[in-house]
Every structure is written in structure tokens, then in C-alpha cells.
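In what follows, a single structure is set out as C-alpha cells and then discussed.
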Amino acid sequence: MWMPDKVYGFSDCETQAAAFAKAAGLDYALVDVQTFPDGESRVRVPDGAKRAAVFRPLHNPNAKLIEVVLAASALRDQGAEEVALIAPYLPYMRQDIAFHDGEAVSQRVVGDLLARAFDRFASVDPHLHRTPTLSAVFSGKPALCLQAAPVIAEYISNQRGCEDAVIVGPDIESEPLVRAVAEPLNAPWIVADKTRHGDRDVEINLPKREILKDRHAVIVDDVISSGGTVITLAELIQKAGSTSLDVYTTHALFDESAHSAIRSAGVRAVISCDSVSHPTNAIPLAGLIAEGLRTWQ
Ligand code: R5P
């Protein structure tokens, strides 16, 4: 088993990083970041544990990516022999091919950048569509790919009125997550067919929708960003006769206006894991990540 000696967090994710360190029984320290007037970051680590884990969810990723790479380098300069990256949310994973001529394959570029800086990785529900494993993103280095499904299912099981829930996924890629939430609940599940025409423009077809009549529906998606997917799916679910609808996501990337648009589409509650700090956070991931790390070889 590989365990870090110490966890290094950042001020924008201190709650999650410190909660993770506590759940894993590890020491915790804060990385100091100052921003120069021209936007450059100065990164300073307090010391260098032999086995260090940098913990940071990487939404709004551009500056954060550079800062975690600088932190890894500083930790090595301070004597770290191995440095891990624990990024509960991993960005740039969706662009795993060039969808249009001339586009960079962001997953490969960002994966290579991080693989040069870190020795091992952990993340939760990374969006790996065509890439077989998380390790493949990082040049074959050890990478732990955790699923939020067990903690989402546990949370749902404690909600009132969820006994007759049908779990619904927005697209074929959501099937593993949807199935893993539905199975421990003994709930039926269906997944839609989604075609994306633009950032905020999706077309969704919902086969087997008759199962939703007079039942509580629960949408589960790994990421909510513009909210377009959930809003389009919510309309179809309600037309199919569901009695109520809640939405769960691992990574809440949406802003306040998308949140209110989702609620206006008839969604009773939007609930997220705390990979990304967000007003909808209700499901902590610290225990899941700490437990997952015990399987690190
Ligand atoms: C897509 O493939 C993901 O699973 C999500 O469905 C998608 O990223 C949601 O994006 P948006 O909220 O912008 O529709």
C-alpha cells in the first residue's frame, strides 16, 4: 500500500483538503500562493514530506494547473521522493479527441503535463469516454479512479419519498454511474440518448420513458456545467408523468443562473458531492477518497 506522509492543500479548497487529511489520518499543510500583478503565481510549500500528496479540485483550471505543477516541483526541491496529485475534479478530460479540425486534444496535453510533474494520481468520476483507464491519461502512471456512486446512493437512500425512485442518466456514457447508483437502491434505471449540437444546445431522446409515470425521478450525471443537459432531460421526464424530480451530480460546475434555470425546469432539488465547492454540496467525498487510497499499490 502507498500512503502519503502529508497532504498539501490550497486556500480555495481548504475545507475539502483538510477533511480528506483528517479522514485519512494524515498531516496537513497549506500551500502558499501569491499572484503577481501580471497574473503569474508564486507558489511556496512549507516543507517537503518524503511522500507528498497535493490535493486540489481543478475546476476553473488554467491557473490551478500551473500552480499544482509548481507545488510538485517545490516539494521535490524540499526533499519529496514521491509526489501524488489528488484532484477530486479533473479538468480537460472531455476533449479526448479533436472534435473539429485544428483542435488540441486537451486530455492528452494536460495528462502529459501532469504526468511529468507527479508520480501517481487519484480522481473521482473523471470523464473518461473513449480512454480505457485513468492511468492511460497519465502515461501509464498509477492512477486511482474513484466512483462517487456509493455515497450518492447512500444519500438518496436516506431521503424521504425515494422508495419508488427511477434513476435516469442523460446519455449512454452515464450508464456505469447510473447503474452503480441504482443497484444498491434496488431501483430501476434508464439512460437517454444525447446529441450535443453546441455548448448549451443538446437534443435528448428518452427510450423506455413510460416507466416514469407516477414515480419519483432522479437524474444522476457526473458533471453539470451549463445545465442544458439536465434542463432538456427534466422536461422529457416530466412529460412522461413523473411525480417529482431531483438531480444529483458529482461535479457541480454550474453558476447561479444555471442553478435557477434548472430549478425553474421543475427540479425539486439539485444535490452535489463536494469535489467542487458549490451551494448545492451535500455529499462529502473525504471518506470515499481516504478509503480509496488504501488500495493504492
Ligand atoms: C457529458 O458528457 C457529461 O456527462 C454531462 O452530461 C455534461 O458535461 C453536462 O454539461 P451541461 O450541463 O453543459 O449540459
Relative exposure of Leu285, Leu185, Leu134, judged by other C-beta atoms within 10 Å (fewest first) | Leu185, Leu134, Leu285
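Counting other beta carbons within 10 Å of each residue's own, what order do Val110, Val168 fall into, fewest first?
Val110, Val168
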What is the spread of the Cα atoms of the stretch 53-127 along each of their three principal axes, largest first, in whole Å?
-> 44, 23, 19
With no solvent and one equal point scatterer per Cα, compute the Debye intensity ratio I(q)/I(0) for the chain at 0.09 Å⁻¹ and report its log10, rounded to two decimals.
-> -0.45
Could you tell me which of Phe20, Phe36, Pro46 has its Cα farthest along the dipole of the stretch 1-51 towards the positive end, charges placed at Cβ (Lys, Arg +1; Asp, Glu -1), taken about the Cα centre?
-> Phe20
Pull out the extension gain between Met3 and Glu154, defined as 0.36 nm times the separation in residues minus the alpha carbon to alpha carbon distance; nm, one decimal.
-> 51.7 nm
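Nothing charged except the Cβ atoms of Lys and Arg (+1) and of Asp and Glu (-1): what's the magnitude of the dipole of the stretch 149-274 about its Cα centre? Round to the nearest 20 debye.
It works out to roughly 380 debye.
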Full-extension gain in nm, Glu163 to Arg196, via 0.36 nm per residue minus C-alpha separation | 8.6 nm
Which value results when the Cα radius of gyration for the stretch 87-150 is divided by 2.2 N^0.38 Å?
-> 1.09
The simple spin-label model distance between Arg294 and Ser260, using points 7 Å out along Cα→Cβ, in nm, is 4.5
Spatial separation of Cα centroids for the stretch 81-140 and the stretch 228-246, in angstrom = 32
Candidates per trypsin sites (Lys or Arg not before Pro) in the stretch 221-297, loop by DSSP, up to 10 other Cβ within 10 Å | Arg294
Expressed in nm to one decimal, what extension gain is obtained for the pair Val105 and Asp214 from 0.36 nm per residue of sequence separation less their Cα-Cα distance?
-> 34.8 nm
Rounded to 5, percent antiparallel among DSSP beta bridges of the stretch 12-159 | 25
Identify the residues of the stretch 220-240 with backbone N under 19 Å of a label point that sits 7 angstrom from the Cα of Glu203 along the Cα-to-Cβ direction, or state none.
-> 228-237
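Roughly what % of DSSP beta bridges within the stretch 149-274 run antiparallel, to the nearest 5?
Details: 5 of 23 bridges.
Percent antiparallel among DSSP bridges in the stretch 149-274 is about 20.
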Measuring from the longest principal axis of the C-alpha atoms of the chain, the long axis of helix 175-185 (C-alpha) lies at a number of degrees, nearest 10, equal to 70
Rounded to 10°, Cα long-axis angle of helix 61-77 versus longest principal axis of the chain | 30
Between Val202 and residues 5 or more places away or on another chain, which pairs have amide H atoms under 5 Å apart, with H built 1.01 Å from N, and which residues are they?
-> His197
For the stretch 149-274, rounded, prolate or oblate, judged on the Cα gyration tensor with a ≥ b ≥ c (square roots of eigenvalues), a/c < 1.5 rounded, else prolate if a/b > b/c?
-> rounded
Treat every Asp and Glu Cβ in the chain as -1 and every Lys and Arg Cβ as +1, leave all other atoms uncharged, and give the resulting dipole magnitude about the Cα centre to the nearest 20 debye.
-> 340
Zone of Thr133's modelled label, taken as backbone nitrogen in the stretch 110-126 under 15 Å from a point 7 Å along Cα→Cβ | 120-123
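Taken together, the values in this text are just the output of simple stated rules run on the coordinates, not laboratory data. This is a predicted model, so every value here is computed, not measured. Every residue, glycine among them, receives a Cβ derived from its backbone with ideal geometry; neighbour counts consider all protein chains shown.
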